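For reference, the structure discussed in these notes is given below.
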Amino acid sequence: DFVRVYERDKSPPPAVFTNGGFELQNGSLKNWSTFGNKQPELPNVQIHNEAVSDGAGALKLFGQFNNEVNHSGVQQAITVAAGDSLSATVKTFVRSADSIAGTSNQLELKFDYYRQPSGKYGSSTYIGSKSLTVADGNVTNDQWHSHKLTDTAPEGAVEARVSLVFTQPKNEQGAVY
């Protein structure tokens, strides 16, 4: 006879956002929710191979061209507790053929915090956000740029969402990878 004794790990492995390279299923948005993806014939939130840093594809974001301020992008949620550390890194690229130079378009990397899972942005379940502008009208074309956003989950947070939000305030051209 024998006895095995196990001790629970006091620091469980960190929660990880999945498919960060958009490589699952041969390049897809699997595990990501999209928003502002209004053009079925030419989706403005898509996986594309025009500008790729690693792997076979990259997320491509551009505006809806609806003559209104609009927001398009992707998001993914994880469970958190107050005091948890969050970190997200992203590489951005703007092709000269899709330049946003001189426009008011921008791309933000964001953490949004909620008091309950699947809470609605701006509702009473929404706690707040931390964001970092990772591309705007001053970005250098045809060059990869690395960015990192870190934060600590606030009191009351049970869900954090990482998102990439492309904002098109006017009907201006351009895309960010």
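The values are calculated or read from the model by the stated rules, or taken from the named source; none is laboratory data. What you see is a predicted model; the values in this text were computed from it and never measured. Glycine also receives a Cβ, built like all others from the backbone with ideal geometry; neighbour counts cover every protein chain displayed. These accessible areas exclude ligands, DNA and RNA; they are computed on the full protein's heavy atoms, side chains included. Shrake-Rupley method; radii C 1.70, N 1.55, O 1.52, S 1.80 Å.
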Select from the range 37-77 the residues that are in contact (Cβ under 8 Å) with a residue 40 or more places away in the chain and touching a His at 6+ places or on another chain (Cβ under 7 Å) and write down the one among them that is surrounded by the most Cβ atoms within 10 Å (Cβ to Cβ).
ALA58
Could you please find all residues in the range 101-125 being in a strand (DSSP E or B) and open to solvent by 50 Å² or more (accessible area, probe 1.4 Å)?
GLN106
Take the range 131-169 and flag every residue that is open to solvent by 80 Å² or more (accessible area, probe 1.4 Å) and assigned to a strand (DSSP E or B).
SER146, LYS148
